[in-house]
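Notes follow once the structure below has been shown.
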Amino acid sequence: MLKILMIRHGKTYGNTLGRYIGTTDEPLMESESEELTRLQPDPVERVFVSPMTRCKQTALLMFPKREQTVIDGFRECDFGEFENKNYQELSDNETYQKWIDSEGILGFPKGESVVDFKQRCLSAFDQMIEICIHEKLENVAMVVHGGTIMSILDAYGLPHAPYFDWHVKNAEGYKIRTHLEHWKYGRRELVVDGKILRD
């Protein structure tokens, strides 16, 4: 049995403004340092992280004694022309309105398509599972992005729920478990046991 803490990174300045922060490598807000240090997540053997600064910093604060393994595919989506902008700043943008009307199905102009992003996240998760199998790990954490979490649980989460239903706030996430033997034979299922809350 493999238990996974699937956690979204802490707040950045762009997050507080509702901006689309994907490829922008923002650090955490200074105010997050003390708050995240106080959180006491379950003990883990290894922490898998996105290469973005905000994820590495969150992992260091929440799991200060654990080795970090960077998996590049866990990066947030490339939002293209929408990057580092929020709803208000994009309200007069015709392309953005088309994207909103599509309920997020259209790809991001000059950015990443939804299909490519989801597939990248799933490939990265499979890479993490292979490491867990090889090293016989039983308790791990992931510190990644909201979109990464939604992509993985949209595909593998039990009970099944739509993509946007898996959205979590900063420094929150899910407690997951799975049988590694099942993954060896192509049965990809993640049982969601509960949420991780910061309050």
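The values are calculated or read from the model by the stated rules, or taken from the named source; none is laboratory data. Please read all numbers here as calculations on a predicted model, not as lab measurements. For neighbour counting, all protein chains shown are included, and Cβ atoms are generated from backbone atoms with ideal geometry for every residue, glycine included. These area figures cover heavy atoms from the full protein model, side chains too; ligands, DNA and RNA do not enter into them. Shrake-Rupley method; radii C 1.70, N 1.55, O 1.52, S 1.80 Å.
Before moving on, here are some points about what is shown:
- Consider the stretch 28-53 and keep the residues that are under 16 Å from the mean Cα position of the chain (by Cα) and not in a strand (DSSP E or B). The one that is farthest from GLN68 (Cα to Cα) is LEU28.
- Contact map, the stretch 89-105: residues that are farther than 18 Å from PRO162 by Cα paired with residues that are at pLDDT 90 or above and open to solvent by 50 Å² or more (accessible area, probe 1.4 Å), Cβ distance under 7 Å, separation 6+ or inter-chain. Pairs shown: THR95/GLU81.
- Restricting attention to the stretch 61-82, the residues that are closer than 14 Å to SER113 by Cα and either of a type in the set (Asp, Glu) or free of Cβ contacts under 8 Å to residues at least 12 places away in the same chain (or both) add up to 3.
- Qualifying residues in the stretch 56-72 (those that are touching an Asp or Glu at 6+ places or on another chain (Cβ under 9 Å) and over 19 Å from GLU135 (Cα atoms)) - the one most open to solvent (accessible area, probe 1.4 Å): GLN57
- Close pairs from the stretch 31-51: first over 17 Å from GLY146 (Cα atoms) and among the small types (Gly, Ala, Ser), partner in a helix (DSSP H, G or I) and modelled with pLDDT of 95 or more, Cβ under 9 Å, at least 6 apart: SER33/GLN57; SER33/LEU61
- Total residues in the stretch 141-167, condition crowded, with 19+ Cβ neighbours inside 10 Å and either assigned to a strand (DSSP E or B) or among the β-branched types (Val, Ile, Thr) (or both): 8
- Candidate set from the stretch 32-55 (those that are more than 23 Å from PHE125 (Cβ to Cβ) and out of contact with any helix residue (DSSP H, G or I) (no Cβ under 7 Å at 6 or more places or on another chain)); member that is surrounded by the most Cβ atoms within 10 Å (Cβ to Cβ): GLU32
- Among the residues of the stretch 114-140, none is identified as free of Cβ contacts under 8 Å to residues at least 40 places away in the same chain, open to solvent by less than 40 Å² (accessible area, probe 1.4 Å) and part of a loop (DSSP other than H, G, I, E, B).
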